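To keep things clear, I will list the structure first and then write my remarks on it.
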Amino acid sequence: MLAAIANRRSIRKFKDTDVPIYMIKEILEAGILAPSSKNRQPWKFVVAMGTGKREALKVMRKGLEREKINPLLPKSAQHLDGAKYTLKSIEQASAIIFIVNTLGIDVLSPLNTEEHIYEICNAQSIGAAVQNMTLAAAELGLGSLWICDTYFSYQELKDWLKAGGELFAAMAIGYADENPPARPRRKLDDVVEWRD
């Protein structure tokens, strides 16, 4: 598994080759095996392939257009071009897995302290599931892209998904058509503080 951690990359170019369903199921099983706070397992996965993927992409495009006029994320407008690039990347993927926080509170709702803590715990749990999925994809020889640009199309995708929860992220899965180098990482001494 350490090799999968070291060799995993965010893939933005995919081959035009379908990923077998059994591989996608293995990736989903890896997500389900993740640890979760209080064993809540607050995740649901919606897999879009074929026609479903084309519909999802259309909905995302609609959200990106709306974001120009009526932004949900006005302070993130400088990232809109990056979201468009992400959309072009996932168009090439064999499948998009949407990850829904089944216990999530609407992003537009104010939170009290306890709700905020629950959201943090659920985010950690789902983050562990998504990380497991990226590593499983790498072990299977597949490429993946963990996507948060879905928030530019948040309401549109939420309405389309009808999955009973809050959209958390998405993941593109496919056969990689690139081999990007590792991106720089901060040094251990820069991010670790030891206390004896």
Considering only the range 85-95, I want to know if a residue exists there that is more than 14 Å from the chain's Cα centre (by Cα), over 15 Å from Ala172 (Cα atoms) and among the acidic types (Asp, Glu).
no
Criterion violated by Ser125 - all others in (1) over 15 Å from the mean Cα position of the chain (by Cα); (2) modelled with pLDDT of 95 or more satisfied:
(1)
When residues of the range 128-155 are filtered for being under 9 Å from the mean Cα position of the chain (by Cα) and buried (at least 20 other Cβ atoms within 10 Å of the Cβ), how many remain?
5
Quick check, is Ser37 in contact with a Cys (Cβ under 7 Å, 6 or more places away or on another chain) and in contact (Cβ under 8 Å) with a residue 40 or more places away in the chain?
yes
In the range 95-122, which residues are of a type in the set (S, T, N, Q), modelled with pLDDT of 95 or more and out of contact with any Pro (no Cβ under 9 Å at 6 or more places or on another chain)?
Asn112, Thr113
Which ones in the range 155-196 are out of contact with any helix residue (DSSP H, G or I) (no Cβ under 9 Å at 6 or more places or on another chain) and under 19 Å from Glu67 (Cα atoms)?
Lys158
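Here is a check on your reading of the model: is Glu91 without any contact (Cβ under 8 Å) to a residue 40 or more places away in the chain and under 21 Å from Met49 (Cα atoms)?
Details: without any contact (Cβ under 8 Å) to a residue 40 or more places away in the chain: yes; under 21 Å from Met49 (Cα atoms): yes.
Yes.
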Residue, farthest from Val46 (Cα to Cα), within the range 156-174, restricted to residues that are buried (at least 20 other Cβ atoms within 10 Å of the Cβ) and more than 16 Å from the chain's Cα centre (by Cα):
Glu156
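How about the range 162-186: which of its residues are out of contact with any Lys or Arg (no Cβ under 9 Å at 6 or more places or on another chain) and over 17 Å from Val130 (Cα atoms)?
Residues of the range 162-186 out of contact with any Lys or Arg (no Cβ under 9 Å at 6 or more places or on another chain): 162, 168-171, 173, 184-186.
Matches in the range 162-186: Lys162, Pro184, Arg185, Arg186.
For Gly31, are the conditions met, namely being modelled with pLDDT of 95 or more, over 17 Å from the mean Cα position of the chain (by Cα) and not aliphatic (A, V, I, L, M)? Outline the logic, then answer.
Values: modelled with pLDDT of 95 or more: yes; over 17 Å from the mean Cα position of the chain (by Cα): no; not aliphatic (A, V, I, L, M): yes.
Judged against the criteria, Gly31 is not a match.
The values are calculated or read from the model by the stated rules, or taken from the named source; none is laboratory data. What you see is a predicted model; the values in this text were computed from it and never measured. All Cβ positions, glycine included, derive from the backbone under ideal geometry; neighbour counts span all protein chains shown.
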